[in-house]
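Notes follow the structure.
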Amino acid sequence: MSEPKSNERMEKIVSLCKRRGFIFQSSEIYGGINGFWDYGPLGAELKRNVKDYWWRSMTQRRDDVVGLEATIIMHPKIWEASGHTSTFSDPMVDCLLTKKRFRADQVDPQDGIIYFFTGGRDAATGKESPESYSVLLAAGKNPESARKVARQFYAARGVENAELQGERTEAVQGSTRYNPENGSLLTEPRPFNLMFKTYVGPVESEDNVAYLRPETAQAIFAQFSNVLAVARQKIPFGICQIGKAFRNEINPRNFIFRSREFEQMELEFFIKPDDAAAKSVNAGEPGTEPTWGWEQWHKYWVEERVKWYESIGLGRDVLDFHWQAKEELAHYARATVDILYKFPFGTQELEGIAARGNFDLSQHQKFSGKSMEYFDEETKSRFIPHVIEPSAGVDRLILALLCNAFNEEEVTDEKGNKETRVVLKFHPRIAPVKVGIFPLLKNKPELVKKALQVRDLLRDSMTVYYDDTGAIGRRYRRQDEAGTPYGVTIDFDTLGETPSLADTVTLRDRDTMKQERMAIADLLPFLLGKIR
Ligand code: ATP
């Protein structure tokens, strides 16, 4: 799917991320490195919250899923068995002029006139370049600009002042053979393996080649038997993992959407093959339906995952679904649905949920020579389990959450002036900081002392941010931009100036900007109820 260009909203989000310390370019002081991003103080908290909440939902709150934490570098045979060594590649094309590399399926189709040249001859030296070349120009553009590009092409081949030969033109529609940035012809598509290669040990030989994992899923399959032996689980059950994955993407883009180092949250949920499921008896415990076939489990996981997104503020209105057509499916997949988010640059994949049959375990059985079979007590049958795989990208989700939370609102301050309020409306569950703590005045020791007590009361249970500098309105705005859902202000009434209000604070809601008074003793239960 081609990804439309970024837009103004996206630029604002990227700049807020840098300004407030959500996301920085990796190695920025050295000019950055394309496709790698670092999470700053707020981003690190946000990311941790997302991963922790996924982990809680997917395993800690369920009886039928256990966790795994495997290495990034694994035996290279794993990638032969999974098919990654031979097929994990994207078609790539290079610009013949600038050498810039594109993913062939991501070049935007263009209409226009193609100018063909059969070669260039240097007017001064007589040197000739035999190569043919062509340039695509939008209709109505001055042909001279096509010739200029062609002259640059021949100059790069040693023909400085090319007199162009054999010029011919042809109108074209929807061509993806030309660089959309300069009109230059691209190379023919060639497969490009996306795995990062390295060597294990001191000798850089072919025998020592290893890869940084391009997905977390394969470790789950490779450790299936070990986990099964210890986890006291019966099929259906799942193994989940969160961790780094690496892909040498040809064209990383759209901020953290497509990067070269990223994190995945994956579940492999092992189920009985349909014939064994049909022979099973329903155990009657919700969530452990041994009678379900793959279609029911697939639907179940799609629904679970959508509910999960809803529970962190991504409602069905901002999501979309793509059920892959038969011809799009990987050869082993029975069905795949992509959960998409409506990003400012287009509706794009957040997570894929695939019914993968028993392809992966069968492959590992074949390549390792170790049995991956499971004996089902209930139906007295032996089989290689089938699997449903919900696979989500952490960083893409972070970007979706940032895009979804970003709001600019016109508000009127205490003096009646209109201003723009930038606010990140994160769901309290995933917000990096849960509550800002503000003594009304910095120079009143009693207020400060009380505020620090409130901070200490809360900070064992959640991330708090203590801020005593600047006008209170400014402090609220700073927390609005950080996405902090609540603000607690300690004022003179807290200290008992109005006796009936002693030991109460104001609690400000980020989204409504409304304030209510609440007893300090009620704060912790109230806030815990919102963030868990
Ligand atoms: P795409 O078609 O966008 O390259 P994919 O279909 O190859 O993605 P999967 O292999 O299904 O992706 O990976 C599962 C999830 O991992 C994706 O839904 C996405 O959230 C995440 N992911 C994959 N590649 C990247 C990447 N380069 N950067 C960030 N996240 C990624």
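Overview of values
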| item | result |
| --- | --- |
| Convex hull volume of region 91-191 per residue (C-alpha atoms, cubic angstrom) | 84 Å³ |
| Gain upon complete extension [Phe375, Glu446; 0.36 nm per residue less C-alpha separation] | 18.7 nm |
| Length released on extending from Glu408 to Glu181, taking residue separation times 0.36 nm less the Cα-Cα span | 78.5 nm |
| Of the chymotrypsin sites (Phe, Trp or Tyr not before Pro) in region 254-350, those whose Cβ has at most 15 other Cβ within 10 Å and which sit in DSSP loop | Tyr332 |
| Virtual spin-label span in nm between Phe367 and Leu329, 7 Å along Cα→Cβ | 2.3 nm |
| Rounded, prolate or oblate (a/c below 1.5 giving rounded, otherwise prolate when a/b exceeds b/c) for region 433-531 by Cα gyration tensor | rounded |
| Loop-resident sites, region 220-250, for trypsin sites (Lys or Arg not before Pro), counting at most 12 other Cβ within 10 Å (DSSP) | Arg232 |
| Separation in nanometres of the label points that stand 7 Å from Cα toward Cβ, at Lys342 and Ala124 | 5.9 nm |
| Point-charge dipole on Cβ atoms (K/R +1, D/E -1) for region 433-531, about Cα centre, debye to 20 | 300 debye |
| For a label point 7 Å along the Cα-to-beta-carbon line of Gln152, residues of region 176-217 with backbone N under 17 Å | 178-187 |
| Two-site label geometry, Glu80 and Arg382: point separation in nm, points 7 Å out along Cα→Cβ | 2.6 nm |
| Length-normalised contact order of region 91-191 in % [C-alpha pairs under 8 Å, at least 6 apart] | 40 percent |
| Alpha carbon convex hull of region 314-458, volume per residue in cubic angstrom | 236 Å³ |
| Relative contact order (%) - criterion: Cα under 8 Å, at least six apart; region: the chain | 13 percent |
| Sparse-neighbour loop sites [GluC sites (Glu not before Pro); region 383-451; at most 15 other C-beta within 10 Å; DSSP] | Glu414 |
| Size of electric dipole in the chain: Cβ of Lys, Arg +1 and of Asp, Glu -1, about Cα centre, debye, nearest 20 | 820 debye |
| Projected area, mean over directions - the chain, Cα convex hull, nm² | 34.8 nm² |
| Rounded FRET efficiency, nearest 0.05, which uses the C-beta distance separating Ile73 from Asn226 and R0 of 22 Å | 0.75 |
| Along each principal axis, Cα extent of region 30-120, largest first, Å | 69, 39, 31 |
| Gain upon complete extension [Phe36, His322; 0.36 nm per residue less C-alpha separation] | 100.2 nm |
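Quick note: the coordinates plus some simple rules give every number you see, no bench work behind them. As the structure is a computational prediction, the values presented were derived from the model and not from experiment. Cβ: placed from backbone, ideal geometry, glycine included. Neighbour counts: every protein chain shown.
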